[in-house]
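As structure tokens, the structure follows; a few thoughts come after it.
Coordinate-derived values only; no laboratory data. Nothing here was measured: the structure is a model prediction, and the numbers come from that model. As a convention, Cβ positions derive from the backbone with ideal geometry for all residues, glycine included, and neighbour counts pool all protein chains shown.
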């Protein structure tokens, strides 16, 4: 039997970083009116799970099994029962009787029934105090660490969390995709199954038709310096002391290369001069 409770419900609100806000959010009475219809929710969940089935199971009856065209033995004289084919259902390798064949398992649920089931699921979570309102999911980039920090501050890390955003937000979806107990989807795409699957529902304020002004977040705690920070200047001094020696060795190598190049050029010029002196001049006719 439906439970009609027309009292307005107020829930706590938080920021996207998990900081608690002072004001309470009033849930819209059009949706959160206290109605919890169990038979309708059961029908919606059953239909949802049935619609996920592909229906690919397939078996063959005796006329589709390969083989069995020949009579296994003659009709009379053997003492055994008469048989016409080895592909009969009682033979190994034979056909299947009343086996599954590909078919659709789809179930249709009217739109108003689905809407009532979703409303009942949301009211059930609201009655349990399992709905939290987030002012805005403004993730500049995908960050799983930010999602983990949010559910950790809300103390729901060990529960199944359903995050409902105001429209499609890919950064929020990618932030919770790798978390097995977190499911992110738009508020309009959620179904009775997803709401009842979760233990806690995080709803963005814009999805409920309310707006919350952003508040200043507490700055992150500064990182502590390492205790062994004094050892780094000593290393820097050592490296600085090694650099002049390296420069000197490089200068020596460059001068050695230049002298070697000069010697080779001088040898080549002397060899050319000696070759020119040895070669006799041709007599003119």
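Summary of computed values
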{"item": "Fewest-first ranking of 10, 194, using other Cβ atoms within 10 Å as the exposure measure", "result": "10, 194"}
{"item": "Rg/Rg_ref, region 119-203, where Rg_ref = 2.2 N^0.38 Å and atoms are Cα", "result": "1.00"}
{"item": "Highest average packing first - 95-104, 201-210, Cβ atoms within 10 Å", "result": "201-210, 95-104"}
{"item": "Packing-based order for 33-46, 135-148, 112-125, using average beta carbon neighbours within 10 Å, highest first", "result": "112-125, 33-46, 135-148"}
{"item": "Ascending count of other beta-carbon atoms within 10 Å, so fewest first, for 179, 150", "result": "179, 150"}
